[in-house]
Amino acid sequence: MRRFLLALLAAALVLSAATPAMARHHAPAKAAVTAAQPAKQGPDLRIGLAAGQGSVTISPAAGKGMARTDAGKSVSLAAGQSYDVRWQNGAFLVGREKLRGEVLIIRPSDKSDGGLALDGRRYRGALELRHRGTDLTAVNIVPIDDYLLSVVPEEMPTDWPAEALKAQSVAARSCALKSRGRHAAEGYDLCTTTHCQLYKGIASEKTASTAAVRATRGEVLTYGGQPIEALFHTDSGGMTESSEDVWGSHVPYLRAVRDTPLGTMPWTKTVSTADLEKKLAAKGHAIGRLRAIELSPLAVGRAAKDCTASGRVKAMTVTGTKGSVTLSGNAWRSLLGLKSTLFSAKLTKDSVTFTGFGAGHGLGISQWGAKRLAETGKSYADILHHYYTGVTLQHNSY
């Protein structure tokens, strides 16, 4: 028994000594396998491309494709050939093929980057067609990073510094994740306009913006563990805005922050008093002939009774021969087509001249501000933390 126990102990010691060597031997092989795995593209988004269409034209842009319904009916699509698709007599008509089912999915049958074309415009991922009556809704089902390849160059010039483009990529990714389901009632997550983010498919992609998206893969801005609505605008004019002064609700990461220099992107717009009176009347504010304007002088970064901490207009009052009306800065911006709410107003005999700075709503990233920060050597992380208060830049989120 003693000899047996000694032999067992010796065997255990040999195995213990061998284990580190075995681990060292196999570690490189494990690392090599991991490195060879394709990078994840992140969650899929559903992008609404078209709605209320009697018919659409689809085409596999490179290689073959496959169209299949939820009922399992399918048809092969030849490379480069166009197919008219419509809903007819209770089925999808794909060219001359009739496929019964409620949903039609079109996918490329190979791994080429040519994508699928819908009415002549190419998209990555798959296409989904649903019918409502005889009308079709077309949705692009696309991994989020492939979606960003089109979004980022539409939202920021691609000859800008790489760090600015990276900041835009992270902001766009965060905003897309936060906004998923915004158009759920229509059957998709996001639209292709500025209501969500501009998206035009493969034709928009550029080398520099693609590199920025790839370099920040999986990076998302979070607050309280959730993606943030990482809003952005063209230029702050010298200071961004806090959410409650635009939306009326407090968002902790959308706080007013100063930019350098102040007074960027100056603009002027003159409106005739007659035109202003007409526009007000059309909105139910018939003030008669304009006689006076009440608004504090413009001072970027200085609050007043009718201006926010950034200097933007909270409210402006105009008085005419038939009464007065007070509207918010955002209402005046919308009514008169002003570039921002960071403005002053001067009344002359027959016109009002608005003088201001910046462009856009003023929330989140100032894109020109991001460019200037990048040009001074700031990293994309520096830029993001400058414009979004108290956020976490989360890596490897998918």
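The values are calculated or read from the model by the stated rules, or taken from the named source; none is laboratory data. Every value quoted in this text rests on a predicted model; they were computed, and no experiment measured them. Quick reminder, even Gly has a Cβ in these numbers, built from the backbone with ideal geometry, and neighbours come from all protein chains shown. Side chains included, ligands, DNA and RNA excluded: accessible areas come from the protein's heavy atoms. Shrake-Rupley method; radii C 1.70, N 1.55, O 1.52, S 1.80 Å.
Highest mean first, the peptides 238-244, 86-92, 181-187, 313-319 sorted by other C-beta atoms within 10 Å per residue fall in the order 238-244, 313-319, 86-92, 181-187.
Helix-only arithmetic for the chain: the sum of -39500 (n - 2.57) across DSSP H runs with n ≥ 4, divided by the residue total, places the mean residue ellipticity at 222 nm at -8500 deg cm²/dmol. Rg and Dmax, both from the Cα atoms of region 43-177 and both in Å, are 16.4, 54.
Restriction of the trypsin sites (Lys or Arg not before Pro) in region 324-398 to DSSP coil positions whose beta-carbon has at most 10 other beta-carbons within 10 angstrom yields K349.
Normalised by 2.2 N^0.38 Å, where N counts its residues, the alpha-carbon radius of gyration of the chain equals 1.34. Count Lys and Arg as plus one, Asp and Glu as minus one, and take only other residues whose Cβ is under 11 Å from that of D245; the net charge is then +1. What the phi angles of region 252-259 give under the Karplus curve with 6.51, -1.76 and 1.60, with θ = phi - 60°, is a coupling list of x, 8, 9, 10, 5, 9, 7, 10 Hz, glycine and proline written as x. Here the Karplus curve 6.51 cos²θ - 1.76 cosθ + 1.60, taken at θ = phi - 60°, turns the phi angles of region 281-287 into couplings of 4, 5, 9, x, 10, 7, 9 Hz, with x standing for Gly and Pro.
Determine the share of region 290-342's accessible area contributed by carbon and sulfur atoms, expressed in whole percent, with a 1.4 angstrom probe. Answer for region 290-342 is 48 percent, counting heavy atoms of protein chains only. Near T317, the amide H atoms lying under 5 Å from its own belong to E294; only residues 5 or more places off or on other chains count, and H is placed 1.01 Å from N. Total lysine pairs in region 46-177 at Cα distances under 26 Å, for residues eight or more apart or on different chains: 5.
Of L342, L384, L298, the residue with the greatest mean-square motion in the GNM of the chain, using alpha carbon springs below 10 Å, is L298. Solvent-accessible area per residue in the chain equals 49 Å², computed with a 1.4 angstrom probe and all protein chains kept. Protein heavy-atom surface of region 158-197, 1.4 angstrom probe: 47% of the accessible area is carbon and sulfur, with nucleic acids and ligands not counted. Placing +1 on the Cβ of every Lys and Arg and -1 on the Cβ of every Asp and Glu, with no other charges, gives region 322-397 a dipole of roughly 300 debye about its Cα centre. Proximity of backbone amide H atoms, modeled 1.01 Å from N, is registered between A50 and A138 at under 5 Å, excluding neighbours fewer than 5 places apart on the same chain.
Once backbone amide H atoms are built at 1.01 Å from N, F343 has V313 as its partners under 5 Å, excluding neighbours fewer than 5 places away on the same chain. Length available on full extension from A215 to T392: 0.36 nm per residue minus the Cα-Cα distance, which gives 61.9 nm.
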